[in-house]
Amino acid sequence: MHKQQYEDYKYVMQDTYQLYLGAKYSFEELIDNEEVPFKFRLIVERYVYQDVDPQTTLESQLYYMTAKDLQFRIYRQIKMKVKVNVIEEKKSLTGKCKKVYTTQILPIEQLVKMTPTEKEEKGMVIQELMCSKLALMTF
């Protein structure tokens, strides 16, 4: 029997300014992926990987991260932003309120200020991590 692997939100993209990573990568997959820039893999391997379970995903780490964590200071240093989906109530033309997912880009500081309970109340889903290539070079 062929085992299917979940690959949504597991991607690496780059432009001239930023690196974009899907949030469903586990740290083990991230370090083994040759498409991830070497500098980012090195930072993760040296400073983040030792403190987390290799099967932990970027999404779950960010969801429960606090301002006291070393990983937060590292992510802040490389100017990380996080693309999230949140549930918001919108009024339609008929005046009815309906809940819709909206996409927001949050700096890592703003994400960490929220508790996991607040994130859950908003229906937050972490989609993508973005970090500045310039900040990666200066780390």
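State yes or no: is Q110 under 18 Å from E128 (Cα atoms), assigned to a helix (DSSP H, G or I), touching a Phe, Trp or Tyr at 6+ places or on another chain (Cβ under 8 Å) and not β-branched (V, I, T)? Spelling it out, it is not the case that Q110 is under 18 Å from E128 (Cα atoms), assigned to a helix (DSSP H, G or I), touching a Phe, Trp or Tyr at 6+ places or on another chain (Cβ under 8 Å) and not β-branched (V, I, T). Selection within the stretch 99-109: residues that are modelled with pLDDT of 90 or more and surrounded by fewer than 12 Cβ atoms within 10 Å (Cβ to Cβ). The member of this set that is farthest from Y11 (Cα to Cα) is T102.
Taking the stated definitions as given, is K113 touching a residue at least 12 places away in the same chain (Cβ under 8 Å), among the charged types (D, E, K, R) and surrounded by fewer than 15 Cβ atoms within 10 Å (Cβ to Cβ)? When the stated conditions are applied, K113 passes them. Answer yes if at least one residue in the stretch 39-61 is more than 23 Å from Y9 (Cα to Cα) and aliphatic (A, V, I, L, M), and no otherwise. The answer is no; no qualifying residue exists.
Given the structure, is M124 surrounded by 13 or more Cβ atoms within 10 Å (Cβ to Cβ), more than 20 Å from K10 (Cα to Cα) and either modelled with pLDDT of 90 or more or among the polar types (S, T, N, Q) (or both)? Against the criterion (surrounded by 13 or more Cβ atoms within 10 Å (Cβ to Cβ), more than 20 Å from K10 (Cα to Cα) and either modelled with pLDDT of 90 or more or among the polar types (S, T, N, Q) (or both)), M124 does not qualify.
In the stretch 50-98, the residue that is surrounded by the most Cβ atoms within 10 Å (Cβ to Cβ) out of those that are in a helix (DSSP H, G or I) and aliphatic (A, V, I, L, M) is L58.
Could you please give the count of residues in the stretch 89-131 that are among the acidic types (D, E) and closer than 22 Å to Y20 by Cβ?
Matching residues across the stretch 89-131 total 2.
What do you reckon, is I31 in contact with a Phe, Trp or Tyr (Cβ under 6 Å, 6 or more places away or on another chain), more than 16 Å from Y9 (Cβ to Cβ), modelled with pLDDT of 90 or more and surrounded by fewer than 18 Cβ atoms within 10 Å (Cβ to Cβ)? Considered against the rule, which asks whether it is in contact with a Phe, Trp or Tyr (Cβ under 6 Å, 6 or more places away or on another chain), more than 16 Å from Y9 (Cβ to Cβ), modelled with pLDDT of 90 or more and surrounded by fewer than 18 Cβ atoms within 10 Å (Cβ to Cβ), I31 comes out as no. Filtering Y47, Y9 for residues that are surrounded by 14 or more Cβ atoms within 10 Å (Cβ to Cβ), closer than 16 Å to E128 by Cα and modelled with pLDDT under 90 leaves a single hit, Y9.
The values are calculated or read from the model by the stated rules, or taken from the named source; none is laboratory data. On a predicted model such as this, the values are computed, not experimentally measured, just so you know. Glycine also receives a Cβ, built like all others from the backbone with ideal geometry; neighbour counts cover every protein chain displayed.
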